[in-house]
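The values are calculated or read from the model by the stated rules, or taken from the named source; none is laboratory data. The structure presented is a predicted model; accordingly, all values stated were derived computationally and were not measured. Backbone-built Cβ (ideal geometry, glycine too); neighbour counts: all protein chains shown. Remember, those area values only see protein heavy atoms, side chains included, never the ligands or the DNA or RNA. Shrake-Rupley method; radii C 1.70, N 1.55, O 1.52, S 1.80 Å.
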Amino acid sequence: MSAGPERGLSFREKDMRVHIDFETRSKIDLTARGAWIYSRDLSTSPLCIGYALGDGPVKLAHPAFPGVPAVNWPPKELLDAVADRSNTVHAHNAFFERVIWKNVCNEHLGWPEVLPEQWRCTLSVCSYKAIPRSLEKAALFLKLPFTKDMAGNKAMLRCSRPKEDGSWHEDDADLKKMFAYCMVDVEVERALENKIGVLPDYEQKIWCLDQILNEKGVRLDRALAKIAMGIAEEQKGVANVDLFDLTRGAVIKTSARKTFTDWSKTQGFDMTGVSLAADKIEEVLKNEAIPKSIREAVEIKCSVAASSVAKYKAVLAYTTDSDPRARDNLQYFGAGTGRWAGKGVQFHNFPRGYGAWSKKNPSTASMEMIIEQILRSEIWESQLMTGERPMTILKKITRGLLVPEPGKEYLIVDYSSVEARGVMWLAGEEEGIKALKEGDIYCAMASVIFGYEVFKDQHPAERQLGKAVILGAGYQMGYVKFLVTIEKDGISLSEALVRKLLGDRFEEYKTAIAADAPAITRAGLVVKDKWIALIGAKFLIDSYRNKYAKVRNLWREIESAARDAMKNPYERIRCEKVEWEYDPLADFLYCYLPSGRCINYPGATLDIAYTLVVTGRNKKGREVKARLQVDSLEGSIKKDFVDNLRAKGYRIDSDEPEVWTTEKISYIKTDKSGMSKKTATYGGKIVENCVQGICRDILAEALQRAEERGFNPIISVHDEIICETPVGEKKLKDLEEILCESPSWAEGFPIAAEGFQCLRYRK
């Protein structure tokens, strides 16, 4: 695989690449408390460092241990190489090596500083290339000559942690295994970089800013976290008593799963296997078959769920009383589109909570009021004000844990509907762009749906439905999935509403739903229970596709361009504002965004997909057209499809389904756990990738401008930038203007952003 198609790599020919890898030991748990806290603890020290200067041999340096004399310690030639500022220092997951070098070796051992711009990270290049992030899995993915040294790994783990009595494991044999293990990692890291190259210059600058933000960190309110943990522990005891009383002693703890399911059987409803995870609870409680007693028990159990206090635990783990700033909060290229993801305390998945205090509604619960009450240990006041359980209150104030330093304030600016804007811009949909620039696109969509002009202030319910359509339909979402999505958001499509929207077309849509019944059933919905809502959902999706035909056409055209690129290697194929190129030697399909950078699709192939099509009639005599997409026609797949339809009551005349063939684009996608699998993509998904990539590039450039102009950004959360500035020093309007500056490559993009100032983070 080549280093990549982009021009302008990150080091000059005269530079020397210095590859390093530390092995360390500490009394701090690295995985539980993060690299910064780990590196700042006085018990943390290097066990050894493996390094390679340019293409030279891998060498080792380590201090003395009982029975093992020091070798090359300190490593003078390495320190001299680092002191030459024209050289670059490379590591896999460089933030760890950076903070060990900075906080341990530089501060305590007197090693020379490594400048921020000298660092390079092979893990980040893996993320950029959309291949597995871990060194081992990346090497396996690329078929590098590498065998995991399990003995060395185990020896390293033994040496890196204190024994039960607090002393260190310093066995001679294990130390030597660890030294060898470290040297192999350096060799593999260098081979990996030789294979995948480095970040392009402009991405290297963004990565450097990412490292700056991660080192700045975010100040957190540890006092609030400690009080919240105390309340949570107290509420856990209350919940245990409530559950004991409700179940008459059958269940004594909210955490007792088996006794809970045993008790549920005595109530006439077996809860065995029913997930009570946070994202499943609402669905569980909607089940009308669940008895009242079990419903109340589930609510009690969930009121003290671990997720309710997880953020408070993380706050205390990733900060200290002497340093309340949590660091290393952003994961560069957390998604293949380039978007950042969260790590550590995970600010990206904080729940939406209470708003700001309002003069218009002074009695309404606000973030400021609730937190003041909790800091006074008066949670009962918050209960009276909100009518909610203490644990629910704690969950909804977690955003307020973020606080600026004394004498400073937050300036927070968020891009407005940036992906909806990106879809219209990429498709060249002028009507949508005009609605975004001059009016309200949600109202415009709602006006089409309802057949009369919708205004934001006068028609909030109509606008909400228009918003759901705009946000949901731009990426080729089908009407079945759309219905599931809006129902999760609390939007229902009643029969009265659906009939009002469709009028004379109701029967036409009813017939269409009947024809799609087999596919809807395979999607997991019971048609007879949802047919009215399905009719409404199909009408809404059709309304979007008819109004914004250029977006609908873009799905087809962008997929066609990608296929053409794969059929014509090394030839640039353009579609609207993006270009495609396929490199069969590198085994990559490249999507060039307007900014010039790539979205990478590794292991891309063109595969044949077969669609079996059977025409028949349902029990009521209506014609249906059942479809099934398969990757192969081998075996009895066609016969089984027909037999299954007949078994469900469909009248099928022919035993031989019609077969449609299409070409689909597949590539190797790596999930969060590092597992890779072949994944098919399609036009709407590709458009989503492109739009998210474009929006990320707009955000990244805005972050750079905010940093350069002294606004001190400390973190980005989704489409939001948070800056920490001295009170009154910077103007919010100026920051909004920084975010709205259009990059040269994004001419005509309808950028809009809006923000607020505060002394606690909120949404």
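Points to keep in mind about this one:
- In segment 488-539, the residues that are touching a strand residue (DSSP E or B) at 6+ places or on another chain (Cβ under 6 Å) and not small (Gly, Ala, Ser): 518
- Taking the criterion of being hydrophobic (A, V, I, L, M, F, W, C), open to solvent by less than 20 Å² (accessible area, probe 1.4 Å) and within 20 Å of residue 182 (Cα to Cα), the residues of segment 13-44 that qualify are 18, 20, 22, 35.
- Sole exception among (1) touching an Asp or Glu at 6+ places or on another chain (Cβ under 9 Å); (2) basic (Lys, Arg); (3) more than 30 Å from residue 499 (Cβ to Cβ) for residue 547, by number: (3)
- Residues (under 20 Å from residue 407 (Cα atoms), assigned to a loop (DSSP other than H, G, I, E, B) and either charged (D, E, K, R) or touching a helix residue (DSSP H, G or I) at 6+ places or on another chain (Cβ under 7 Å) (or both)) located in segment 714-763: 729, 730, 731, 760, 761, 762
- Residue under evaluation residue 463, criteria (1) open to solvent by less than 40 Å² (accessible area, probe 1.4 Å); (2) of a type in the set (D, E, K, R); (3) in contact with a Phe, Trp or Tyr (Cβ under 6 Å, 6 or more places away or on another chain), criterion not met: (1)
- Of all residue pairs spaced 6 or more apart or on separate chains, those with beta-carbon atoms under 6 Å, a first member in segment 229-240 that is under 14 Å from residue 389 (Cα atoms) and a second member that is not in a helix (DSSP H, G or I) are 232/309; 235/304; 236/304; 239/254; 239/304.
- Scanning segment 187-204 for residues that are assigned to a helix (DSSP H, G or I) and either in contact with a helix residue (DSSP H, G or I) (Cβ under 7 Å, 6 or more places away or on another chain) or without any contact (Cβ under 8 Å) to a residue 60 or more places away in the chain (or both) returns 188, 189, 191, 192, 193, 194, 196, 203.
- The lone criterion from (1) within 24 Å of residue 475 (Cβ to Cβ); (2) open to solvent by less than 40 Å² (accessible area, probe 1.4 Å) left unmet by residue 714 is number (1).
Each row is one residue, and each column tells you yes or no for (1) without any contact (Cβ under 8 Å) to a residue 40 or more places away in the chain; (2) closer than 21 Å to residue 405 by Cα.
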position	(1), (2)
290	yes, no
297	no, no
319	no, yes
341	yes, no
351	no, no
354	no, no
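- Every test in (1) under 24 Å from the mean Cα position of the chain (by Cα); (2) open to solvent by 40 Å² or more (accessible area, probe 1.4 Å) is passed by residue 753 save one, and that test is (2).
- Restricting segment 370-390 to residues that are open to solvent by 10 Å² or more (accessible area, probe 1.4 Å) and hydrophobic (A, V, I, L, M, F, W, C), the residue that is nearest to residue 730 (Cα to Cα): 375
- Within segment 277-316, being under 22 Å from the mean Cα position of the chain (by Cα) and at pLDDT 80 or above holds for 309, 310, 311, 312, 313, 314, 315.
- The single condition from (1) under 26 Å from residue 624 (Cβ atoms); (2) modelled with pLDDT of 90 or more; (3) over 27 Å from the mean Cα position of the chain (by Cα) that residue 473 fails is (3).
- Residue match in segment 54-61 (condition: open to solvent by 30 Å² or more (accessible area, probe 1.4 Å), modelled with pLDDT of 95 or more, within 35 Å of the chain's Cα centre (by Cα) and of a type outside the set (Asp, Glu)): no
- Within the option set 99, 125, 104, 114, being open to solvent by less than 60 Å² (accessible area, probe 1.4 Å) and over 18 Å from residue 24 (Cβ atoms) holds for one residue only, 125.
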